[in-house]
Structure formats: structure tokens, C-alpha cells
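Structure first, commentary second.
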Amino acid sequence: TPSQKIELYSNKLKDAGFDPLPTFHEPPESPYNEPKLASEYPLIFTNRKFTNFIHSGGRQIPSLRKERPEPQVSINASTAKKLGISDGDWVYIENKRGRIKQKAILSSDIDPRVIIADYGWWFPEKDASQDMHGWKESNLNILTDNKQPYDREMGSATLKGILCKVYKAS
């Protein structure tokens, strides 16, 4: 920051015409903004980057892959039970833009309305010429959109707070 200190009030945001204090804005695709869509896709996905990987990099490094061999999605245990999903099951995460597959990890620490999917997956062991290392199988970019509305202050695509449903993979 210009003051070289932590700033909660941002003059740069104010000068750009935005609220200078952190302000909550309801995500464009939420149960409140799109209740009809939420009836079909009742869960909200966010994502995480496993600390050993940098963005989508490192999946080809055996020692890193040993730590996280497959993409994982964390699901509240009670939500998973209602959906017939057990710990370690492969599940589909689906929304209006597409579907991916990740391995379910159950937790009681997650809000029952939310899932946390792994970010940046591809499979270096799969054929690059046929399917670009299987990137479409588990990569959450399939579920996101690079169209408007963008984040108000940063102009980035929405990567979190997206409606979805989860079900056991066949």
C-alpha cells in the first residue's frame, strides 16, 4: 500500500469510484439472486489450492502428486449422507456450465450448503494429444464463466460462490 501499512480504508479504491471500505456484494449467482437456479443447483461451490501445487502447476511432479494424487472436494458429512455419498466416493460437481469429477472428502467443519473443490487439476499421465492431459475431467474452470458480471473492484471472473449440485459418479 502507499502507506506501507495494512489499510482497511483504500484511497485507491475511492479514487477509482468504489467503496473505500470492504463491502459485501451478493454474488451474482446465489440462492438470493437466482432462486430458480438454486432449486436445481442447491449447493455453493468455492475452491482451494492445495499448498504443494502452484495454481495448476506441479501435477507432473511425483513427490507432490504423492501428497495429493487425485482432485478432492470437501463436503459436509450430513449433506453427503443425504446425497448418498460416502467418504472417498468419486462425485460429479455440476452446474449450468458443465460437470467435473472429484473425490469426496467428508467433513463436519464445512457449512452444509457449501462444497470446497480442488483448483487447477489436470492429469499428466493422460494423453496430451487426445484430451490435453484430461484437464476437462476435474478442472473447476469448466464450472466458471469468463463473461460478465465480473468482480466489481478487480474485474476478474467469478471463481467462488457458484451454484452447483453434487452426486455420486457412475
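Summary of values
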{"item": "The chain, accessible surface, carbon-and-sulfur percent (1.4 angstrom probe)", "result": "54"}
{"item": "Gain upon complete extension [Leu21, Ile142; 0.36 nm per residue less C-alpha separation]", "result": "40.3 nm"}
{"item": "Per residue value of the accessible surface for the chain (all protein chains in place, 1.4 Å probe), Å²", "result": "62"}
{"item": "The range 5-13 - phi-based ³J(HN,Hα) in whole Hz, Karplus 6.51/-1.76/1.60, Gly and Pro as x", "result": "10, 5, 10, 7, 9, 10, 5, 5, 5"}
{"item": "Theoretical ellipticity at 222 nm over the chain - DSSP helices of four or more residues, -39500 (n - 2.57) apiece, nearest 500", "result": "-3500 deg cm²/dmol"}
{"item": "Structure-derived percent of Cα pairs over 26 Å apart: which label, when the choices are (1) 39; (2) 25; (3) 52", "result": "(1)"}
{"item": "Leading residue at positive end of dipole, the chain (Cβ point charges), from Gln4, Ser56, Pro31", "result": "Ser56"}
{"item": "Too-long pairs where the Cα-Cα distance tops 23 Å, listed order kept, from Lys96/Lys126; Lys66/Lys165; Lys81/Lys126; Lys5/Lys49; Lys96/Lys168", "result": "Lys96/Lys126; Lys66/Lys165; Lys81/Lys126; Lys5/Lys49"}
{"item": "Length-normalised contact order for the chain - Cα pairs under 8 Å, 6+ apart - percent", "result": "28"}
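The values are calculated or read from the model by the stated rules, or taken from the named source; none is laboratory data. Owing to the predicted nature of the structure, the values given are computational and were not obtained by experimental measurement. We place every Cβ from the backbone using ideal geometry, glycine too, and count neighbours over all the protein chains shown. Surface areas here come from the heavy atoms of the whole protein model, side chains and all, with no ligands, DNA or RNA. Shrake-Rupley method; radii C 1.70, N 1.55, O 1.52, S 1.80 Å.
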